[in-house]
Structures are given as structure tokens and as C-alpha cells.
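Take a look at the structure set out below.
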């Protein structure tokens, strides 16, 4: 079948919760994707940073194939030979004492919320059912009822109430606003060190260390959502590492499996995650042997191929090339590592469509921002190839917007 036939099937039978670019992909390798009509594209989205290691990385593929021939799912009613080694590898790499495996990023955030509330009641002594968690405007933590409840995007909440209470919102990047919002009932501050879906928003230098100090002084847990920014994306293992901040809890996912399978986790020390008892929380698929084997391989690839340092080097080069583009349509270029945003003075969607037609796949976020986040295995030559196509699109904005 050709692209239009696949698009017609999807439009007919799939609930329309997304507005994808009209490209039908069938194969990927490294930084490249191929559609059903034989066209080749440079992936500048990485499945929202899930494919840090590149598409269909051979070592992760081999680990998945080997485990699929042994056992894929046992449930946590029994133990398996992959989970323990995976959790140890994850804790050794990140420096936390414990990890709790889940599947999706939203599940990891839900888990962190439960852990923070439990800590608030059992350790901090907050009155029953009064726990509050402070969040930031512009956040994105998933699409569950609880995670949309603290979103500041009206559409995410429209017609989905009643919503989950217990959240207080403050402006992103404003440490003073955080401190002013803390009460006796505050158990945690949940934040993204860089807001990805919010528009690749990077806080001012010193913000991360300031909020860490505020939370420590007020006996409030600092909970970092590093699902999109973690595991090397910004040129450090975690984006919080740019200011030497060690959160009390971190949520991770996406690149934890290299794009092969939904794998997520919550990281914290024993004083927090050790509060869970059997029956408090769980997941049929969380910690399954297939996901654990894939996660082990995905982490090892990040380390063995030095992808974290590579993201820092290639990100600086890519950002520098973008900053050199002289266009009235560009308002700002921002980001860290290979999580880059180009804010435009108009809607970004037409630019995404024009780039697609020239072999670059990226996605608009927050209406006016083009996000460029290729797999961390990208080379300078591939960045140069991309810039040769990105620059004329950004230079000819009027023609792009009018369909020229």
C-alpha cells in the first residue's frame, strides 16, 4: 500500500487523539527513518527522546531477541533473573539506593506522586489527606487523570473532570514563587529541569540549585521529571547535573529502553522508596524480564558508546549552526545538548511540513516552537546535511506559510 492508503485506514479506524504529520514510516536505522514510499528522512524528534541510542540499535535488538526466546512476562507474583541485575545497574549508574520499575513515563510520575504523599504522611507528619505537591506552569507529565489535573493546558482537562486535587501551581523558573507557595502541607515540588513539551524552556542559571536549597530548608521533596531530559539527552546523565543538583526522586523512561519497549522507573533512596509495602503499588508488566533485559542493554549502550558526552558535543555544534541562521522568522534558539528549540514569530506547523518535504522530521511544540532532538548517535556530517535543508526553510518563511 502507498502512504495515502495507510493514512485513510488510520483516519477511519483510529481515534483521533493526535495530529501527526502525513508521513507513514516503516523502517528505521540510526538517525534515519524510511517511509512506505521509499523516501528517507533524518529523525529530529527521536520519538520525544525515547530513541537516544538510535533506531533499532543492534545490541539492544539482540538483547530483546534473546530474551523473547526465553521468557517475556512472569508478573511480579514471581521473581525473574533480569529484574535484580537491571535495578542494580540502574542504581549503580545513577547513585540512588533503590528503583521502582514501571512501564510508561506517566506511570512513573503517578508512582512518584504516591511515594511523595506517603513520605509526607509517614515521615513529615502531614495531616491525613492534606498533602500538597507544587508544580510549574507549562508542565507536561502525561495524560492520566491525575497528571492532567495539574496541567496548565486547558484542553488537556476539558470534559475530563472531576480532577485530582492536591496540586499548587507556580510560574516556571521562579524560585521565589516556589518558596512563597510552600505550606505546612507541602510534601514535594515536582518539576522538569527543562520543559520539553512546554516549548524547550530552559530556566535561568542558578534556578536548579536555588530550588534544591529551598526544598531542603523546608523539608520538601525535590522531585525531578527527567523522562525526556534524562539519560544523556542534554549532555549530562540528568539535566539536573548541569548545576550539581541531586533530587530526592527522579522519574525516568523513554530512552531507558532505547525505543524498543515501554520501560520507566522512579529513583530515590531507601528512606523514600523503602516506605512502600507489598500491596501498596504494582504493575503486571512493570519489571518484566523482557523490559528489564532491554533496559540493561539500553543503559550499557549509553555508557559504552559515550553517548552522554557525545550529546554535549553534537548539541553545541547543532545549536551553533542554528544560531548562525539569519532569519526574521526566528525569535530565539535555546536548549541544552541535543534538546533544542527554535522559537518562531509565527506558527511552527507549516515549517514542520516544509521540512518533512525536504527530508527532515521534527515536530512543533507549544504552537510556535520547532523542536530538534535527534538521536544521540548523530554525526557532524549529518547535522550539516540537516542544516542545508533547515536553513532555506527558516529563511523563506513567507513562502512556507503560503504553501510555496
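The values are calculated or read from the model by the stated rules, or taken from the named source; none is laboratory data. In this text, all values refer to a predicted model and were calculated from it rather than measured experimentally. Virtual Cβ from ideal backbone geometry, glycine too; neighbours counted across all protein chains shown.
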Options 208, 275, 256; residue that is at pLDDT 95 or above and either outside the structural domain of residue 147 (by TED's automatic domain parsing) or not in a helix (DSSP H, G or I) (or both): 275
Verdict on residue 81 being at pLDDT 95 or above, in the same structural domain as residue 241 (by TED's automatic domain parsing) and outside any strand (DSSP E or B): yes
Every residue from the stretch 263-276 that is surrounded by fewer than 20 Cβ atoms within 10 Å (Cβ to Cβ) and farther than 11 Å from residue 115 by Cα: 269, 270
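Residue-by-condition table, conditions (1) within 15 Å of residue 374 (Cβ to Cβ); (2) in contact (Cβ under 8 Å) with a residue 12 or more places away in the chain; (3) under 20 Å from the mean Cα position of the chain (by Cα):
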| site | (1), (2), (3) |
| --- | --- |
| 276 | no, yes, no |
| 287 | no, yes, yes |
| 302 | no, yes, yes |
| 312 | yes, yes, yes |
| 322 | yes, yes, no |
| 330 | no, yes, no |
Tally of residues being in a helix (DSSP H, G or I) and out of contact with any helix residue (DSSP H, G or I) (no Cβ under 9 Å at 6 or more places or on another chain) across the stretch 295-312: 4
Residue within the stretch 174-191 that is within 18 Å of the chain's Cα centre (by Cα), touching a residue at least 60 places away in the same chain (Cβ under 8 Å), assigned by TED's automatic domain parsing to the domain that holds residue 116 and buried (at least 16 other Cβ atoms within 10 Å of the Cβ) present: yes
Residues of the stretch 9-63 that turn out to be in a helix (DSSP H, G or I) and in contact with a helix residue (DSSP H, G or I) (Cβ under 6 Å, 6 or more places away or on another chain), as a count: 4
Every residue from the stretch 64-76 that is assigned to a helix (DSSP H, G or I) and out of contact with any helix residue (DSSP H, G or I) (no Cβ under 9 Å at 6 or more places or on another chain): 65
Any hit, the stretch 356-364, residues being part of a helix (DSSP H, G or I) and closer than 16 Å to residue 19 by Cβ: yes
The listed residue being closer than 16 Å to residue 43 by Cα, free of Cβ contacts under 8 Å to residues at least 60 places away in the same chain, in the same structural domain as residue 316 (by TED's automatic domain parsing) and surrounded by 18 or more Cβ atoms within 10 Å (Cβ to Cβ), out of 370, 339: 370
Test: residue in the stretch 93-109 that is in the same structural domain as residue 226 (by TED's automatic domain parsing), free of Cβ contacts under 8 Å to residues at least 24 places away in the same chain and in a helix (DSSP H, G or I): no
Odd one out for residue 351 among (1) closer than 23 Å to residue 234 by Cβ; (2) surrounded by 21 or more Cβ atoms within 10 Å (Cβ to Cβ): (1)
